[in-house]
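Encoded as structure tokens, the structure appears first; notes follow it.
The values are calculated or read from the model by the stated rules, or taken from the named source; none is laboratory data. Please read all numbers here as calculations on a predicted model, not as lab measurements. Glycine gets a Cβ as well: all are built from the backbone with ideal geometry, and neighbour counts include every protein chain shown. SASA here: full protein model, heavy atoms, side chains in, ligands and nucleic acids out. Shrake-Rupley method; radii C 1.70, N 1.55, O 1.52, S 1.80 Å.
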Amino acid sequence: MAERYELKNKEVWDGNMAAAHALRQAQVDVVAAYPITPSTPIVQNYAQFLADGYVDGEFVMVESEHSAMSACVGAAAAGGRVATATSSQGYALMVEVLYQASGMRLPIVMTVVNRALASPLNIHGDQSDLYLGRDAGWIHLIANNPQEAYDLTLCAFRIGEDDRVRLPVTTNQDGFLVSHTAQVVEPLQDEDAYKFVGEYKAKNPMLDTKNPVTYGAQTEEEWHFEHKANQHKALMDSFPVIEEVFKEFEKVSGRKYNLVETYKLDDADVALVLMGSAYETAMLAVDKAREEGIKVGLLMPRVFRPFPYNEVAEKLKGVKAVAALDRSAPMGTTGALYNEVAGALAAKGESAILTNYIYGLGGRDTTVEHILEVIKETNENAKAGKRVTPLQGFINLRGPKLSFN
């Protein structure tokens, strides 16, 4: 039996420590990891918890992030509750195995501390790695601060392990802006957290030798399509489970989460859509714009995969102009979040004027004033009833202004 960790009602944690405590409280059987900035403190803290007797499980240090996810797949297939953490190039190295984990329907939980992808090398935060893995068959939850990083990691276990889902889950937090920023966090006590997560129930474990199963089978054209269709269905059908888990978590914590979060959107003519820590910066910009008479609101998909098309379209219904802000290099197209929002609006017959902004790459500052400028440009589109600004612009870029139509 693991030692009980004494927690105050309010702790001062950064996002990494918050995620590490959530893994500790879930009493994970196996954490396999390879350190990489800025997610290293998650597994470092977890290893210390293990050494101090606060965890009963195993911590496996491997030689690469590819090996880390491979070990996680093996441990999960064997029948254990499994978790890990990574960032950036490490996440990129994992990508091959991410598809194995989801295709085998293994409910691994991974915290990704979002960081820019090379080249050039950069250790600071943007969401390029989040976007890289968006189609790997994992559920993706978005945390804006250390409290949310803690809460959503606990929720991730409940969501992924539900028999109606049985898929791996990623919780995303912005590198340094969340992972290394200390804030007040109100944790659950260990017994309450574990009761919420629940005891792990293995499904088709390979170590059950009386009931042999096959993992990683080869299917070719005869059955591959059916497997992928069923996997997609499980993702799309996970929305009710996610909402159920969020409601249960609200009962034990008092903190409410939704598939889509909004701020001052009910009467808005103009809306911004973005994810991550910039959402809180944008709230301040919205307040300033409202004081100047601009009816603007915010929307953030709390769940990036599966993408909540219906909820996004419903929340943006009647809005005249929308700016989607992507914190990832688009590389030859409009940003991924822009494309998701455009698809959601088109599917529901909404005709808001939609523009795309790229911001914060490689940790570049995005301030209230920068976002206020975006709001004013978007409002010009709303007033004109058509797009009078470029389709795609770059926020706080040095040198000549860069935009595309």
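Taking the stretch 236-340 as the region of interest, the strands (runs of 3 or more DSSP E) fully inside it that hold 2 or more residues being open to solvent by less than 10 Å² (accessible area, probe 1.4 Å) and either under 22 Å from G137 (Cβ atoms) or touching a Ser or Thr at 6+ places or on another chain (Cβ under 9 Å) (or both) are 270-273, 296-301, 303-305, 321-326.
A68 meets the conditions (1) closer than 23 Å to Q173 by Cα; (2) assigned to a loop (DSSP other than H, G, I, E, B) in every case but one. The failed one is (2).
Out of all the residues in the stretch 16-33, which are open to solvent by 10 Å² or more (accessible area, probe 1.4 Å), on the phi < 0 side of the Ramachandran plot and not in a helix (DSSP H, G or I)?
Going residue by residue through the stretch 16-33, those that are open to solvent by 10 Å² or more (accessible area, probe 1.4 Å) are 17, 27, 29-30.
Those still in the list that are on the phi < 0 side of the Ramachandran plot too: 17, 29-30.
Listed by number, the residues that qualify are D29, V30.
Condition first: in contact with a His (Cβ under 6 Å, 6 or more places away or on another chain) and under 27 Å from L235 (Cβ atoms). Can you find one or more residues in the stretch 305-312 that meet it? Scanning the stretch 305-312, I find at least one residue that is in contact with a His (Cβ under 6 Å, 6 or more places away or on another chain) and under 27 Å from L235 (Cβ atoms), so the answer is yes.
None of K376, K401 is open to solvent by 70 Å² or more (accessible area, probe 1.4 Å), assigned to a loop (DSSP other than H, G, I, E, B) and of a type outside the set (S, T, Y) except K401. Number of residues in the stretch 306-351 that are in contact (Cβ under 8 Å) with a residue 40 or more places away in the chain and among the hydrophobic types (A, V, I, L, M, F, W, C): the value is 12.
Among the residues of the stretch 135-159, the ones that are charged (D, E, K, R) and open to solvent by less than 10 Å² (accessible area, probe 1.4 Å) come to 1 in all. On the stretch given as the stretch 55-97, residues that are closer than 15 Å to A19 by Cα and touching a Lys or Arg at 6+ places or on another chain (Cβ under 6 Å) total 2. Residues of the stretch 351-368 that are over 26 Å from the mean Cα position of the chain (by Cα) and surrounded by fewer than 15 Cβ atoms within 10 Å (Cβ to Cβ): S351 alone. The C-beta contact set for the stretch 286-304 (first residue in contact (Cβ under 8 Å) with a residue 24 or more places away in the chain, second residue open to solvent by less than 10 Å² (accessible area, probe 1.4 Å) and aromatic (F, W, Y), distance under 7 angstrom, 6+ apart or interchain) comprises P301/F307.
Among the residues making up the stretch 76-93, those that are assigned to a helix (DSSP H, G or I) and buried (at least 24 other Cβ atoms within 10 Å of the Cβ) are A76, S88, G90, Y91.
Yes/no matrix, rows are residues, columns are (1) over 23 Å from A149 (Cβ atoms); (2) among the β-branched types (V, I, T); (3) open to solvent by 10 Å² or more (accessible area, probe 1.4 Å); (4) part of a helix (DSSP H, G or I):
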| site | (1), (2), (3), (4) |
| --- | --- |
| P35 | no, no, yes, no |
| F59 | no, no, yes, no |
| V95 | no, yes, yes, yes |
| L98 | no, no, no, yes |
| A101 | no, no, no, yes |
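Put simply, of K201, K233, K210 the only residue that is touching a residue at least 12 places away in the same chain (Cβ under 8 Å), among the charged types (D, E, K, R) and exposed (fewer than 12 other Cβ atoms within 10 Å of the Cβ) is K201. Only residues that are over 26 Å from D267 (Cβ atoms) and open to solvent by 30 Å² or more (accessible area, probe 1.4 Å) were counted across the stretch 379-396, and they come to 4. Set side by side, the residues E373, E314, E340 differ, and just one is of a type in the set (D, E) and within 21 Å of D135 (Cα to Cα), which is E340.
Scanning for something over 28 Å from N204 (Cα atoms) and among the hydroxyl-bearing types (S, T, Y), does the stretch 117-126 turn up at least one residue? Before the answer, list the steps.
Keep residues of the stretch 117-126 that are over 28 Å from N204 (Cα atoms), which gives 117-126.
Those left that are additionally among the hydroxyl-bearing types (S, T, Y): 119.
Yes.
Scanning the stretch 107-132 for residues being surrounded by fewer than 23 Cβ atoms within 10 Å (Cβ to Cβ) and either within 30 Å of H227 (Cα to Cα) or within 13 Å of the chain's Cα centre (by Cα) (or both) gives a total of 2.
With respect to F157, determine if the residue is on the phi > 0 side of the Ramachandran plot and touching a Pro at 6+ places or on another chain (Cβ under 9 Å). Criteria not met by F157.
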